[in-house]
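Step one of this worksheet: look at the structure below.
The values are calculated or read from the model by the stated rules, or taken from the named source; none is laboratory data. None of these values were measured; they are calculated from a predicted model. Neighbour counts run over all protein chains shown; Cβ positions are idealised from the backbone, glycine included. When the accessible area is computed, the model is the full protein with side chains, heavy atoms only, and any ligands, DNA or RNA have been set aside. Shrake-Rupley method; radii C 1.70, N 1.55, O 1.52, S 1.80 Å.
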Amino acid sequence: MASTAAIPTETASPVSPAQAKLFVVDATLPFGAARLAETAAYSLRHYGSASSRLTPTMIVLHFTAGATWTSARDTFAQDVPNLGELPGTCSHYVIDRDGTIYSLVPVTIRCRHTIGLNDQAIGIEMVQPAGPSGGWADQQILARPAQVDAALALVRQLQATYGIPTSSVIGHAMANADPHFHDLLGWRNDHVDWQSADVAQFRARL
Ligand SMILES: [Zn+2]
């Protein structure tokens, strides 16, 4: 309802897209002491430091290869072994095709979404079924304004908050070649989501 003390709109400060408050739905996964301990043990094996704490310096883009945000969340909630190791896979955010952003894990906690970068990177999943190729799926997202605009807004905000350069916003398919990639057991990613040519298009819109 109208307020008698309303400030005339002409006096309102302009808000840039990076400053605008994002609407993020809290869909936090169960991430208790056991999963935190599994994450620290994974970090020790793969990165040499027994910590579950994340200080984000990178962002990795993904797509879910599924049709719904709930199927992705259900997968990440299970905490079952992947490649024979715990904790289960997860992602910090999932963005639905309608642009709704769901927060699954606080960005101060390491989440297992990209081999070689889980001790450095925030993971953002976008709902998109798999298709003929990874590049094809990337392009479906880039052509879906509600979803890609939400992803751009979220990435801009995370870049501003954590001082993450655009060169450190990468796709999962680029991870093995990234200069920050490291894995003490020699593991490598075999995923095709968000290839460099498609990430270049995404970066150009940041
Ligand atoms: Zn991925």
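When the chain is modelled as a GNM with alpha-carbon springs shorter than 10 Å, which of 121, 34, 153 fluctuates the most?
34
May I ask for the distance between the Cα centers of segment 53-120 and segment 161-196, given as a whole number of Å?
Taking the Cα centre of segment 161-196 as reference, the centre of segment 53-120 is 14 Å away.
Using the scaling law 2.2 N^0.38 Å as the reference, what is the normalised Cα Rg of segment 135-206?
Taking N as the residue count of segment 135-206, the ratio is 1.18.
If the chain between residue 204 and residue 55 were fully stretched, how many nm would it gain, using 0.36 nm times the residue separation less the Cα-Cα distance?
Between residue 204 and residue 55, full extension yields an extra 51.1 nm.
Evaluate the distance, in nm, between pseudo-label points positioned 7 Å from the Cα of residue 142 and of residue 167 along their respective Cα→Cβ axes.
The two pseudo-label positions are separated by 2.2 nm.
Can you work out the accessible area per residue across segment 21-204, with the rest of the protein chains kept in place, probe 1.4 Å, in square angstrom?
Here the per-residue accessible area is 41 Å².
Could you work out how far apart the two model spin labels at residue 67 and residue 45 are, taking each label as a point 7 Å from the Cα in the direction of the beta carbon, and quote it in nm?
Label at residue 67, label at residue 45, 3.5 nm between them.
Wrap a convex hull around the Cα atoms of segment 21-204, take a quarter of its surface area, and give that in square nanometres.
Taking the Cα atoms of segment 21-204, their convex hull projects to 9.5 nm² on average.
Under 8 Å for C-alpha pairs, at least 6 residues apart: give me the relative contact order for segment 21-204, rounded to a whole percent.
It comes to 27 percent, rounded to a whole number.
Taking the Cα centre of the chain as origin and charging only Cβ (+1 Lys, Arg; -1 Asp, Glu), how large is the dipole, in debye to the nearest 20?
280 debye
Just to verify a number: FRET efficiency for residue 182 and residue 130, C-beta to C-beta distance, R0 = 30 Å, to 0.05?
Calculated value: 0.60.
If I compute solvent accessible area with a 1.4 Å probe over the protein chains, what percent of it on the chain is carbon and sulfur?
Within the chain, the accessible surface is 58 percent carbon and sulfur.
Tell me, which longest segment in the chain has none of the trypsin sites (Lys or Arg not before Pro) that fall in DSSP loops with at most 14 further Cβ atoms within 10 Å?
That gives 22-187 as the longest site-free run.
Do the sum for the chain: with -39,500 (n - 2.57) for every DSSP H run of n ≥ 4, divided by all residues, what is the mean residue ellipticity at 222 nm, to the nearest 500 deg cm²/dmol?
Mean residue ellipticity, 222 nm, calculated: -9000 deg cm²/dmol.
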